[in-house]
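Student: After the structure tokens below, expect a handful of questions from me.
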Amino acid sequence: MATNPAQADLILVQGATFNPVFYFTGSDGNDIDWTGYTARMKARATKESATAVLDLTTANSKIIIDGTAVKLLLTATETAAITEPKMVYDLEM
């Protein structure tokens, strides 16, 4: 499924639980049902950085797909370990 890329700024508070939920709307105006899909998200200090600061996937249970909802899950302990003041990310479905 090809879609137009979207941009969303995310604010992650160091030492706090991070659990945003995303919904994506299809060209027909309805939320996309992601059931059966896998997802991955990498966050880096800059888009040129070779090393990811965060690596979230459905395989490591840091991304949960629940029908039309795509949920990111980081614990307070995990966010406390992040030292980058700003990052860029990509989310692939």
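Student: Please go through the stretch 18-49 and pick out each residue that is among the hydroxyl-bearing types (Ser, Thr, Tyr), open to solvent by less than 90 Å² (accessible area, probe 1.4 Å) and closer than 22 Å to residue 59 by Cα.
Tutor: Correct list: 37 only.
Student: Then there is this: Going by the conditions given, is residue 56 surrounded by 15 or more Cβ atoms within 10 Å (Cβ to Cβ), of a type in the set (A, V, I, L, M) and at pLDDT below 95?
Tutor: Against the criterion (surrounded by 15 or more Cβ atoms within 10 Å (Cβ to Cβ), of a type in the set (A, V, I, L, M) and at pLDDT below 95), residue 56 does not qualify.
Student: Just to check your reading of the model, which residue among 26, 36 is small (Gly, Ala, Ser) and modelled with pLDDT of 95 or more?
Tutor: So the residue among 26, 36 that is small (Gly, Ala, Ser) and modelled with pLDDT of 95 or more is 36.
Student: What about residue 13, is it under 17 Å from residue 81 (Cβ atoms) and either at pLDDT 95 or above or open to solvent by 40 Å² or more (accessible area, probe 1.4 Å) (or both)?
Tutor: When the stated conditions are applied, residue 13 passes them.
Student: Can you run down the residue pairs with Cβ atoms below 6 Å, 6 or more apart or on separate chains, where the first is in the stretch 31-45 and closer than 19 Å to residue 10 by Cβ and the partner is polar (S, T, N, Q) and surrounded by 18 or more Cβ atoms within 10 Å (Cβ to Cβ)?
Tutor: Note: no pairs meet the criteria.
Conditions tested, residue by residue: (1) closer than 12 Å to residue 34 by Cβ; (2) in contact with an Asp or Glu (Cβ under 8 Å, 6 or more places away or on another chain).
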site	(1), (2)
55	no, no
59	no, no
67	yes, yes
78	no, no
83	no, no
87	no, no
91	yes, no
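Student: Going by the structure shown, is residue 51 modelled with pLDDT under 95 and in contact with a strand residue (DSSP E or B) (Cβ under 9 Å, 6 or more places away or on another chain)?
Tutor: Working: modelled with pLDDT under 95: yes; in contact with a strand residue (DSSP E or B) (Cβ under 9 Å, 6 or more places away or on another chain): yes.
Here the answer is yes, as residue 51 does meet what is asked.
Student: Out of the residues in the stretch 78-92 meeting the condition of being among the hydrophobic types (A, V, I, L, M, F, W, C) and open to solvent by less than 70 Å² (accessible area, probe 1.4 Å), tell me which one is farthest from residue 43 (Cα to Cα).
Tutor: Here the residue is 80.
Student: Give the number of residues within the stretch 59-77 that are touching a residue at least 12 places away in the same chain (Cβ under 8 Å), open to solvent by 40 Å² or more (accessible area, probe 1.4 Å) and not hydrophobic (A, V, I, L, M, F, W, C).
Tutor: 5
The values are calculated or read from the model by the stated rules, or taken from the named source; none is laboratory data. Note that the structure is a prediction, hence the values are computed from the model and not measured. Heads up, the Cβs are rebuilt from the backbone with ideal geometry, glycines too, and the neighbour counts pull from every protein chain shown. Keep in mind that these areas ignore ligands, DNA and RNA; they rest on the heavy atoms of the full protein, side chains included. Shrake-Rupley method; radii C 1.70, N 1.55, O 1.52, S 1.80 Å.
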